2 protein chains.
Amino acid sequence: MNKKLKFAVVGCGTQGSTYAGLIEAGKIPSMELVALCDIDSSKREKLAELYPDKKIFSDYKELIDSGLVEAIITTVPHYLHPEIAMYAIGKGVHVLNEKPAGVYTKQVKELNAFASQHSEVTYAIMFNQRNNPLYQRIKKIVEDGEIGSIRRTNWIITTWYRPDAYYQQSEWRATWGAEGGGVLVNQAPHQLDLIQWIAGVPKTVYAKTSNGFMRDIPVENEVTAILDYGNGATGVFITATHDILGTDRLEIFGDKGKIIVENSNKVTVKRLYKSEQEINEGIVATGTSFEFPDNKEVHEMIEEEVFTTESAWGGQHEGVLENFARHILFDEPLLAPGIEGINGVRLANAIHLSSWLGEEVSIENFDDELYLKLLNERITAEGKYSTKN
Amino acid sequence: MNKKLKFAVVGCGTQGSTYAGLIEAGKIPSMELVALCDIDSSKREKLAELYPDKKIFSDYKELIDSGLVEAIITTVPHYLHPEIAMYAIGKGVHVLNEKPAGVYTKQVKELNAFASQHSEVTYAIMFNQRNNPLYQRIKKIVEDGEIGSIRRTNWIITTWYRPDAYYQQSEWRATWGAEGGGVLVNQAPHQLDLIQWIAGVPKTVYAKTSNGFMRDIPVENEVTAILDYGNGATGVFITATHDILGTDRLEIFGDKGKIIVENSNKVTVKRLYKSEQEINEGIVATGTSFEFPDNKEVHEMIEEEVFTTESAWGGQHEGVLENFARHILFDEPLLAPGIEGINGVRLANAIHLSSWLGEEVSIENFDDELYLKLLNERITAEGKYSTKN
């Protein structure tokens, strides 16, 4: 019989319930669901009906202290991820943090520092898109140097359509105090992680955001950011929730080629037969007529490959859960180490901060305290939730 | 016999010679080439051989004062466009200015003010792409409100590939003192005009530019700019000369639809059956499941039209020449009034200025004097040409 990880879901809203269902349906072969936790008594009643043989907790500390579970996932409001993760890690319970790792860099840095001190405990994050074969293949193409050094990245990801009716479903949704932002915190963390996972962490960012653009919400749902990688390479990141005709187009351009991803399922890779630097050196020009090296025409210098995958956006959670379990049980390489969760949070924070200040901000030396101070000003102005520290 | 406009070409380099050739070949039915002008004696000798029956001048003032011509085109270095145009207008000679209208807003404003005082003289500009049926159709779709109010524009236009060998052909090319910049002044003025012609003039811009990115030139050849239209709408404009795999993709997104132009020859228009605001109001949401108004599925709310045109990029000059002549002779509506040339120059200047200052700058209240001061600093540092005033 297979060894299985004794697992609990902390927070049984939509996402937590989905994970519980996947495990119970046997979709995660190396996991066994042994307990669930929610602070809401009506939810607990339903859970008790649905899972009569599982232990149901109201307090995550009791669950972790119970000795019943080896690992948990934190499907709770974003702000609480670090607190619960640290409690579990401190007790030797492995943690799969739901994304984002937290809301502001200060708390995520504390979590990362704490996790680093407890390296015997596995701390991972639910970046399910890292398990998407399409993005894995793109990452490998870039890592293997097939398109050379990156000169520009460009992602328009405005397929996160959310109407007012979506925002009106819950009091906490799209608030500074309970979510800590809008599209950057709730919908786009996948892409904020992927772009950095594939193309590296930018040095600075300048951004414009609009709060409640065409929506009755106090947080940002329209974002345009310029990334600066510090080596001449730049990037643009655009996201929004008001575009029902949403665009999803990622372009990564390098010395030796270009990758274009449309709708997260069609990839065009253009590879140059040698680097643009070498081609440039070999060109003879007459006006705007160019003779290219090796007597080639432009099209002869380019090899184009197109591949498509089934759109797996929103899926892939099973793979991350199974990988997490097999890492703990069988020491398989971990796909999404939790400490990398800081990248997406920091980029989201930096985009906020830049737009609030109206100036470019450093990602490399991000001002965690200033960000938290300005976030708390917004929470105070909102008047619904307590400030953070 | 048709009435013809007596026309002269001032400046007979590559572009000027092309126009002379077009007229002589009968491609511009309402124009007659009567004179040519160049300061270079060897060029004049060749012109005399090629056009034995035309009058050849070395000084544009003598040409204009000769009484031989009704109109001229200014195919001379960019900085000289305003000076020559004003001289001609002052003498009652119609002017078709080569683009850009000038290099810095201060001189173009002077030219515009002067031209406005002489409205009996036609002052036009060679925005040949305004005569491109593809962009005319897109302008009409936007003007007619078919995609509603614009929410975002996005143009990646990096097909302006120029190798070092191109830049090395002439001393003046890609210098601050003789050209006044790089890709923004020489290659991208078409797009800088078109985006404003179609989508309006932004209120502010923030930009990053790189000078001599992968090229041995002192001016910008890599540009990323965020446009702010002042009403919540934003835009991104990206151009570069080092991308041999260049992308040309324009997206205009509005309340009622989206236009996507690929490679300046394929257009996809998506029209919503009613505005996004109205759709948003009618949605019922359960989690991230949305019931749309009128029981429609998303695809049922969208009508998609795709059309292609033959790529006419770089052509269309004949049409502008003929339109200019017919406007003067027969009072036909003028396609590209000269005073609109300020828009492209100002946006290019504003992108420069923003990148030099590292901050967002106003287009509405553009600081002409500050721009000229900082441009002159660059001309002085370059040490090859005199400063401007």
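In the set (1) within 11 Å of another protein chain (Cβ to nearest Cβ); (2) without any contact (Cβ under 8 Å) to a residue 40 or more places away in the chain, B:GLU332 fails one condition alone, (1).
For the range B:285-303, the set of residues classified as farther than 19 Å from A:MET214 by Cβ and in a helix (DSSP H, G or I) consists of B:ASP294, B:ASN295, B:HIS299, B:GLU300, listed by residue number. Taking the criterion of being small (Gly, Ala, Ser), touching a helix residue (DSSP H, G or I) at 6+ places or on another chain (Cβ under 9 Å) and not assigned by TED's automatic domain parsing to the domain that holds B:ALA85, the only residue of the range B:96-150 that qualifies is B:GLY148. Set side by side, the residues A:ARG326, A:ARG346, A:ARG378 differ, and just one is closer than 30 Å to A:GLY26 by Cβ and in a helix (DSSP H, G or I), which is A:ARG326. Taken over the range A:204-227, the criterion of being facing chain B (nearest Cβ under 7 Å) and crowded, with 24+ Cβ neighbours inside 10 Å is satisfied by A:TYR206, A:THR224, A:ILE226. Of all residues in the range A:273-327, exactly one satisfies the criterion of being in contact with an Asp or Glu (Cβ under 6 Å, 6 or more places away or on another chain) and within 30 Å of A:SER119 (Cβ to Cβ), namely A:ARG326. Residues of the range A:333-342 that are at pLDDT 95 or above and either surrounded by fewer than 24 Cβ atoms within 10 Å (Cβ to Cβ) or among the acidic types (Asp, Glu) (or both): A:PRO333, A:LEU334, A:PRO337, A:ILE339, A:GLU340, A:ILE342. Mind checking whether some residue in the range A:188-198 is at the interface with another protein chain (Cβ under 9 Å from one of its Cβ atoms), outside any loop (DSSP other than H, G, I, E, B) and in contact with a strand residue (DSSP E or B) (Cβ under 9 Å, 6 or more places away or on another chain)? Within the range A:188-198 (the criterion being at the interface with another protein chain (Cβ under 9 Å from one of its Cβ atoms), outside any loop (DSSP other than H, G, I, E, B) and in contact with a strand residue (DSSP E or B) (Cβ under 9 Å, 6 or more places away or on another chain)), the answer is no, since none of the residues qualifies.
In the range B:205-217, how many residues are over 13 Å from B:PHE237 (Cβ atoms) and not acidic (Asp, Glu)?
To start, the set of residues in the range B:205-217 that are over 13 Å from B:PHE237 (Cβ atoms) comprises B:210-217.
Cutting the leftovers down to not acidic (Asp, Glu) gives us B:210-215, B:217.
So the answer is 7.
Would you check if there is a residue in the range B:18-31 being modelled with pLDDT of 95 or more, buried (at least 16 other Cβ atoms within 10 Å of the Cβ), among the β-branched types (Val, Ile, Thr) and over 19 Å from B:HIS317 (Cβ atoms)? No - not one qualifying residue is present in the range B:18-31. Just so you know, in the range B:236-259 the residues that are facing chain A (nearest Cβ under 8 Å) and over 27 Å from A:ASN280 (Cβ atoms) include one that is surrounded by the most Cβ atoms within 10 Å (Cβ to Cβ), and it is B:PHE253.
Within the range B:273-284, can you find the residues that are within 9 Å of another protein chain (Cβ to nearest Cβ) and either among the acidic types (Asp, Glu) or part of a strand (DSSP E or B) (or both)?
The answer is B:GLU276, B:GLU281, B:VAL284.
Just to verify a result, which residue in the range A:360-375, among those that are in a loop (DSSP other than H, G, I, E, B) and surrounded by 14 or more Cβ atoms within 10 Å (Cβ to Cβ), is nearest to the other protein chains (Cβ to nearest Cβ)? Residue satisfying both the conditions and the ranking: A:GLU360.
Within the set A:ARG130, A:ARG151, the sole residue that is basic (Lys, Arg) and either in a loop (DSSP other than H, G, I, E, B) or within 11 Å of chain B (Cβ to nearest Cβ) (or both) turns out to be A:ARG151. Against the test of being more than 13 Å from chain B (Cβ to nearest Cβ), in a loop (DSSP other than H, G, I, E, B), surrounded by fewer than 19 Cβ atoms within 10 Å (Cβ to Cβ) and touching a residue at least 60 places away in the same chain (Cβ under 8 Å), the options A:GLY177, A:GLY230, A:GLY145 yield a single qualifying residue, A:GLY145.
Looking across the range A:275-290, the residues that are surrounded by fewer than 19 Cβ atoms within 10 Å (Cβ to Cβ) and out of contact with any helix residue (DSSP H, G or I) (no Cβ under 8 Å at 6 or more places or on another chain) come down to A:SER275, A:GLN277, A:THR286, A:SER289. Only a single criterion out of (1) among the acidic types (Asp, Glu); (2) buried (at least 20 other Cβ atoms within 10 Å of the Cβ); (3) more than 7 Å from every other protein chain (Cβ to nearest Cβ) is not satisfied by A:GLU262, namely (2). Scanning the range B:275-294 turns up no residue that is over 30 Å from A:TRP160 (Cα atoms), modelled with pLDDT under 95 and not polar (S, T, N, Q).
Among the residues in the range B:285-295, are any under 23 Å from B:ASP144 (Cβ atoms) and facing another protein chain (nearest Cβ under 10 Å)?
Checking the range B:285-295: not a single residue is under 23 Å from B:ASP144 (Cβ atoms) and facing another protein chain (nearest Cβ under 10 Å).
Return the residues of the range B:123-142 that are polar (S, T, N, Q) and touching a residue at least 12 places away in the same chain (Cβ under 8 Å); say none if nothing qualifies. Scanning the range B:123-142 gives B:ASN128, B:GLN129, B:ASN131, B:ASN132.
Cβ-Cβ contacts under 8 Å between residues 6 or more apart (or on different chains), taken from a first residue in the range B:196-208 that is in contact (Cβ under 8 Å) with a residue 60 or more places away in the chain to a second residue that is surrounded by fewer than 21 Cβ atoms within 10 Å (Cβ to Cβ) and among the aromatic types (Phe, Trp, Tyr), are listed as B:PRO202/B:TYR229; B:LYS203/B:TYR229. Within the range B:127-140, the set of residues being buried (at least 20 other Cβ atoms within 10 Å of the Cβ) and either more than 24 Å from B:VAL201 (Cα to Cα) or at pLDDT 95 or above (or both) comprises just one member, B:ILE138. Of everything in the range B:230-250 that is over 18 Å from the mean Cα position of the chain (by Cα) and closer than 17 Å to A:THR158 by Cβ, the residue that is modelled with the lowest pLDDT is B:GLY232.
Among the candidates B:VAL306, B:VAL267, B:VAL320, the residue that is crowded, with 19+ Cβ neighbours inside 10 Å and assigned to a strand (DSSP E or B) is uniquely B:VAL267.
Summed over the range B:154-171, the residues that are in a loop (DSSP other than H, G, I, E, B) and either surrounded by 21 or more Cβ atoms within 10 Å (Cβ to Cβ) or within 14 Å of chain A (Cβ to nearest Cβ) (or both) give a count of 9.
Being without any contact (Cβ under 8 Å) to a residue 12 or more places away in the chain and closer than 23 Å to A:ILE238 by Cα is the requirement here; does B:VAL269 meet it? Answer is no for this residue. Scanning the range B:199-217 turns up one or more residues that are part of a loop (DSSP other than H, G, I, E, B), closer than 24 Å to B:LYS384 by Cα and either among the aliphatic types (A, V, I, L, M) or not assigned by TED's automatic domain parsing to the domain that holds B:THR158 (or both).
The values are calculated or read from the model by the stated rules, or taken from the named source; none is laboratory data. In this text the structure is predicted, and so the values were computed from the model without any measurement. Positions of Cβ are backbone-derived with ideal geometry, glycine not excepted, and every protein chain shown enters the neighbour counts.
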